[in-house]
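Asks: Could you have a look at this structure, given as structure tokens, before my questions?
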Amino acid sequence: MKKRPEASNQPRTRHRPDAGKIETSTYAHTLLLPDGRTLFVEMPGRYVRRDRSGTVGFSVAGMQFLDHLRALAMEIVHPPTPGHVVALREALGLTQKQLGEKVGVNKLTVSRWERGRIVPGPSSVSKLSTLRKQAVRRGVVLKPRQPHRLHRESAA
């Protein structure tokens, strides 16, 4: 009869020891834009993960970083998608109210754009495009997004 090995405090893993490991250096990535241009990005290591097979993947924050880059790099020629409006606003570091003030609409309208309830009109698209171009000319620093914290109300 075989003797079972003694239990250890170490968790058992059936996958590679480096699976899920966060990269410490940077990772070069190419991002193909819809207009055919290619954007070369050096991703910060904190956004890069490897899965069990060793394939490179991106964290949620990493995907948001790429979305912000894409929003800044793409021309706005027709009504943008709700996700594009969110990514552009976040990349510019603006709240819905601040974006609304710059475009000439209220924050409720911006919220409706972002939820896909309505699409921006031609004049708003033009103002969004101008705002994007001005930001790109000035230079934009993409700051890491802070994770959302869930607040639970205590039962009183």
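Asks: State which residue is nearest to A71 (Cα to Cα) when the search covers only segment 18-38 and only residues that are touching a Leu at 6+ places or on another chain (Cβ under 7 Å) and modelled with pLDDT under 85.
Replies: L33
Asks: Still on this structure: Residues to consider are V119, V60, V86; find the one that is within 18 Å of the chain's Cα centre (by Cα) and either in the same structural domain as D35 (by TED's automatic domain parsing) or farther than 26 Å from G139 by Cβ (or both).
Replies: V60
Asks: With respect to E114, determine if the residue is closer than 18 Å to H78 by Cα, not assigned by TED's automatic domain parsing to the domain that holds L66 and not small (G, A, S).
Replies: Criteria met by E114.
Asks: Now a separate question. List every residue pair whose Cβ atoms lie under 8 Å apart, where the two residues are 6 or more positions apart in sequence or sit on different chains, the first residue falls within segment 50-75 and is farther than 20 Å from L88 by Cβ, and the second residue, located anywhere, is loosely packed, with under 14 Cβ neighbours inside 10 Å and among the acidic types (D, E).
Replies: Going by the 8 Å Cβ cut-off, the qualifying pairs are R50/D18; G54/D18; G57/D51.
Asks: Follow-up. Please specify each residue of segment 70-93 satisfying the condition of being part of a helix (DSSP H, G or I) and surrounded by 18 or more Cβ atoms within 10 Å (Cβ to Cβ).
Replies: Hits for segment 70-93 are R70, A71, L72, H84, V85, V86, A87, L88, R89, E90, A91.
The values are calculated or read from the model by the stated rules, or taken from the named source; none is laboratory data. Note that this is a predicted model, so its numbers are computed, not measured. Cβ sites come from the backbone with ideal geometry, for glycine too, and all protein chains shown count toward neighbours.
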